[in-house]
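Enquirer: Can you keep this structure in mind? I'll have questions shortly.
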Amino acid sequence: MKTPDFDIKNLIRPNVARMKPYSSARDEFKDFKENMVFLDANENPFDNGVNRYPDPRQATLKSHLSTLKRVPVNQILFGNGSDEVLDLIFRAFCEPQQDNVITLPPTYGMYGVLAETNAVGNIEILLNTNFEPDVNAILEAIDAHTKLIFLCSPNNPTGNRFDDQTVKKLLENFNGLVVIDEAYADFSSAESWSAQLHNYPNLIVTQTLSKAYGMAGIRLGICFASAEIIDVLHKIKPPYNVNALTQKSALKRIMDERGVEKEIKIILEEREKLQKTFKNVPFVVKIYRSEANFILAHVDDADKRYNQLLARGIVVRNRSKQPLCENTLRFTVGTPEENKKLIDVLKKLD
């Protein structure tokens, strides 16, 4: 079902709608297969592997990712990490000092940081006690200046994926943009929301190579949306925001499908093993279901247990300051050897 009365032109900031994008030398000529003398971009002419500017449209990488993710090339945008993608969305659609967005704590903290950075209001609607969005509260909070709703699914730090009907209700009753952050989607058995782009013109899906693909160090974020939304974001992105080394490393990794699938399988098996172990740890009060590569656990005293683990060489994340997360620790699923050490330590703590 498509969102009624949705028109992306009504959401674009007027200055962005008017502007003409910067055209780089590599936008105008990029056929490196030809035996040409390149004297157009003021580059150092001596070949060292990175003396030329990278492809600003990342055509080769997009082509392979398009096949892998089953999303057309013209509906894909890359960023210098997902944070840049999210920032571009703010800058394209939210008028500073005027518009607002809705976020759903506890959730990824950068949504709020980016709202502050861009001088955009942040309406926070807490998740319910099951860590699901409160749809009625969200819809009631929407006003004439609400441009974006952020859904992190699977959610960080809780680990759960939001119910499909909940997400559909928001998509079908909001004439702004619903941004679904799927950083952890590769650890879930559910289908990506990118498969629904043709049904919802107000849907944006973001993913990353930092988690399942194990490439946090190269900083590559991915945006899937309608061709119209992608065109708007392309207008304002820096021309060479994804460097040549990142493109090369990402391409090599996404072509190693078996290697990635093997690592995901191990992580899921280890996640299950940790969940079973936590059930027998006396100070663990509750284990929250997870469709991510981490587990959120409610413990008796998070500060005490965090420091005990730290003293034994294990660093976890204390999420107790997050709403609804009092006395919780977030455990990333490590290698089998790392998880064995964690299990051994947990069994000895009193």
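The values are calculated or read from the model by the stated rules, or taken from the named source; none is laboratory data. Quick caveat: nothing in here was measured; it's all calculated off a predicted structure. As a convention, Cβ positions derive from the backbone with ideal geometry for all residues, glycine included, and neighbour counts pool all protein chains shown.
Enquirer: If you check residue 85 against the conditions, is it touching a Ser or Thr at 6+ places or on another chain (Cβ under 6 Å), crowded, with 18+ Cβ neighbours inside 10 Å and either outside any loop (DSSP other than H, G, I, E, B) or not assigned by TED's automatic domain parsing to the domain that holds residue 224 (or both)?
Expert: Values: touching a Ser or Thr at 6+ places or on another chain (Cβ under 6 Å): yes; crowded, with 18+ Cβ neighbours inside 10 Å: yes; either outside any loop (DSSP other than H, G, I, E, B) or not assigned by TED's automatic domain parsing to the domain that holds residue 224 (or both): yes.
So residue 85 passes the test.
Enquirer: Can you tell which of 312, 219, 253, 289 is touching a residue at least 12 places away in the same chain (Cβ under 8 Å) and at positive phi?
Expert: Details: 312 fails: at positive phi; 253 fails: at positive phi; 289 fails: at positive phi.
The conditions single out 219.
Enquirer: (1) of a type in the set (Lys, Arg); (2) modelled with pLDDT of 95 or more; (3) over 22 Å from residue 216 (Cβ atoms): which one isn't true of residue 348, the others all being true?
Expert: (2) is the only condition that residue 348 fails.
Enquirer: Just name the residue that is farthest from residue 138 (Cα to Cα) out of those in the range 178-197 that are acidic (Asp, Glu) and touching a residue at least 12 places away in the same chain (Cβ under 8 Å).
Expert: First, pick out the residues of the range 178-197 that are acidic (Asp, Glu): 181-182, 186, 191.
From the residues that got through so far, the ones that are touching a residue at least 12 places away in the same chain (Cβ under 8 Å) too are 181-182, 186.
Working: 181: 17, 182: 20, 186: 27 Å.
Out of the qualifying residues, it is 186.
Enquirer: Now for a different question. If we keep just the residues of the range 289-319 that are crowded, with 16+ Cβ neighbours inside 10 Å and among the small types (Gly, Ala, Ser), which is farthest from the chain's Cα centre (by Cα)?
Expert: So, considering only residues that are crowded, with 16+ Cβ neighbours inside 10 Å and among the small types (Gly, Ala, Ser), the one farthest from the chain's Cα centre (by Cα) is 302.
Residues are listed down the side, and each one gets a yes or a no for (1) aliphatic (A, V, I, L, M); (2) part of a loop (DSSP other than H, G, I, E, B); (3) surrounded by 23 or more Cβ atoms within 10 Å (Cβ to Cβ):
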site: 158; (1), (2), (3): no, yes, yes
site: 165; (1), (2), (3): no, no, no
site: 169; (1), (2), (3): no, no, no
site: 175; (1), (2), (3): no, yes, no
site: 189; (1), (2), (3): no, yes, no
site: 195; (1), (2), (3): yes, no, no
site: 198; (1), (2), (3): no, yes, no
site: 201; (1), (2), (3): no, yes, no
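Enquirer: Follow-up. Where the second residue is of a type in the set (Ser, Thr, Tyr) and in a strand (DSSP E or B) and the first is within 15 Å of residue 62 (Cα to Cα) and lies in the range 224-236, which pairs have Cβ atoms under 8 Å and are six or more apart or on separate chains?
Expert: 224/206
Enquirer: Follow-up question, since we're still on this one. Give the range 184-222 a look and list any residue that's aliphatic (A, V, I, L, M) and under 20 Å from residue 259 (Cβ atoms), or say none. Before the answer, list the steps.
Expert: Taking the range 184-222 and keeping what is aliphatic (A, V, I, L, M), we get 185, 190, 195, 197, 203-205, 209, 212, 215-216, 218, 220, 222.
Once the filter is applied, which keeps residues that are aliphatic (A, V, I, L, M) and under 20 Å from residue 259 (Cβ atoms), the range 184-222 yields 185, 209, 212, 215, 216, 218, 220, 222.
Enquirer: When the residues of the range 11-45 are filtered to those that are within 26 Å of the chain's Cα centre (by Cα) and at pLDDT 95 or above, which remaining residue is surrounded by the fewest Cβ atoms within 10 Å (Cβ to Cβ)? Can you show your working first?
Expert: We begin by selecting, within the range 11-45, every residue within 26 Å of the chain's Cα centre (by Cα); these are 11-13, 16-17, 21.
Then drop every residue that is not at pLDDT 95 or above, which leaves 11-13, 16-17.
On the way: 11: 20, 12: 18, 13: 20, 16: 16, 17: 12.
If we take residues in the range 11-45 being within 26 Å of the chain's Cα centre (by Cα) and at pLDDT 95 or above, then 17 is surrounded by the fewest Cβ atoms within 10 Å (Cβ to Cβ).
Enquirer: Right, here's the next one. Restricting to the range 132-155, what's the tally of residues that are out of contact with any Leu (no Cβ under 7 Å at 6 or more places or on another chain), crowded, with 22+ Cβ neighbours inside 10 Å and part of a loop (DSSP other than H, G, I, E, B)?
Expert: Of the residues in the range 132-155, 3 are out of contact with any Leu (no Cβ under 7 Å at 6 or more places or on another chain), crowded, with 22+ Cβ neighbours inside 10 Å and part of a loop (DSSP other than H, G, I, E, B).
Enquirer: What pairs come out if I take residues in the range 30-59 that are basic (Lys, Arg) and pair them with residues that are surrounded by 13 or more Cβ atoms within 10 Å (Cβ to Cβ) whose C-beta lies under 7 Å away, six or more apart or interchain?
Expert: Going by the 7 Å Cβ cut-off, the qualifying pairs are 30/55; 52/43.
Yes or no, residue by residue, for (1) buried (at least 24 other Cβ atoms within 10 Å of the Cβ); (2) over 21 Å from residue 169 (Cβ atoms); (3) at pLDDT 95 or above; (4) touching a strand residue (DSSP E or B) at 6+ places or on another chain (Cβ under 9 Å):
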position: 192; (1), (2), (3), (4): no, no, yes, yes
position: 204; (1), (2), (3), (4): yes, no, yes, yes
position: 212; (1), (2), (3), (4): no, yes, yes, no
position: 215; (1), (2), (3), (4): no, yes, yes, yes
position: 230; (1), (2), (3), (4): no, yes, yes, yes
position: 235; (1), (2), (3), (4): no, yes, yes, no
position: 248; (1), (2), (3), (4): no, yes, yes, no
position: 252; (1), (2), (3), (4): no, yes, yes, no
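Enquirer: Evaluate the range 116-125: report whether one residue or more is in the same structural domain as residue 16 (by TED's automatic domain parsing), surrounded by fewer than 18 Cβ atoms within 10 Å (Cβ to Cβ) and assigned to a helix (DSSP H, G or I).
Expert: There is at least one residue in the range 116-125 that is in the same structural domain as residue 16 (by TED's automatic domain parsing), surrounded by fewer than 18 Cβ atoms within 10 Å (Cβ to Cβ) and assigned to a helix (DSSP H, G or I).
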